[in-house]
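Student: Please see the structure below; I have some questions.
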Amino acid sequence: TSAVRFAVAGGRVQSIGRGGATDAFVAKLTPSGALVYLTFLGGSGDDDGLAIHVDAAGNVWVAGRTFSADFPVTPGACQRVHAGGWDAFLAKLDPSGATLLYSTYLGGSNHDKATALAVSASGETYLAGETYSSDFPVSLAGLQKDLLGGMDAFVAKLDRAGKIAYST
């Protein structure tokens, strides 16, 4: 959203937008459309939520891109520091939307964004998106370790602990 005033109810990760032109948000509605909660997710730069998944336990996973050097990251994140440009992000909220359980950057010094995500039944997370970064964090086991064009796709798997199992 880029709204200056945005109704927030129920659980909150952030009670108001942090000041970028856009902030990601997560809203949970009842089957009849009533608002259960709405919470912002972002830092002082622009933040866009581009993919969402709800796991079997009701946790909400959000992926996207952030331009915020102060995007909320959690201890144990695979990348705790903004690398430059837009970075992809992955965040996990508890079922109430009130607690940020996991959040990390994923990116290099240029522009990166996550546009798709899936979570396996065993809790492994898969991200796909695009990168312009020649220093995107790829793993030794990655299929392709170098950026070959102006923009390449990426696929990353994070294990249950939030560490990169592979990235290519």
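Student: Considering Cα pairs under 8 angstrom that are at least six residues apart, work out the relative contact order of the stretch 39-109 and quote it in whole percent. Intermediate results must be reported in sequence, preceding the final value.
Tutor: On the way: 163 pairs, mean separation 21.4, N = 71.
Reported as a whole number, the value is 30 percent.
Student: Taking amide hydrogens as modeled 1.01 Å from N in the peptide plane, which residues meet the under 5 Å criterion relative to residue 166, leaving out close sequence neighbours?
Tutor: 157
Student: Moving on to the next point. So what is the relative contact order for the stretch 60-168, in percent, with contacts set as C-alpha pairs under 8 Å and at least six apart?
Tutor: RCO, the stretch 60-168: 22 percent.
Student: Counting only heavy atoms of protein chains, what accessible area per residue, in Å², does the stretch 49-168 have with a probe of 1.4 Å?
Tutor: Per residue, the stretch 49-168 has 45 Å² of solvent-accessible surface.
Student: Now for a separate question. Need one number: nm distance between label points at residue 29 and residue 160, each 7 Å from Cα along Cα→Cβ, rounded to one decimal.
Tutor: So the label points at residue 29 and residue 160 sit 3.5 nm apart.
Student: What are the aspartates and glutamates whose alpha-carbon lies under 20 Å from the alpha-carbon of residue 157, with same-chain residues fewer than 8 places away excluded?
Tutor: Leaving aside aspartates and glutamates fewer than 8 places away in the same chain, those within reach of residue 157 are 55, 87, 112, 124, 130, 135, 146.
Student: Points 7 angstrom from Cα along the Cβ direction at residue 118 and residue 54: gap in nanometres?
Tutor: 2.0
Student: Now a separate question. ³J(HN,Hα) across the stretch 104-112 via Karplus (A = 6.51, B = -1.76, C = 1.60, θ = phi - 60°), whole Hz, x for Gly/Pro?
Tutor: 8, 7, 8, x, x, 7, 10, 8, 9
Student: With charges only on Cβ, +1 for K and R and -1 for D and E, what is the dipole size of the stretch 21-154 about its Cα centre, in debye, rounded to 20?
Tutor: It comes to approximately 260 debye.
The values are calculated or read from the model by the stated rules, or taken from the named source; none is laboratory data. Here the structure is a predicted model, which means the values were calculated and not measured. No Cβ is skipped: glycine too gets one built from the backbone with ideal geometry, and neighbour counts run over all protein chains shown. Please note that ligands, DNA and RNA were not included when accessible areas were found on the heavy atoms of the full protein model with its side chains. Shrake-Rupley method; radii C 1.70, N 1.55, O 1.52, S 1.80 Å.
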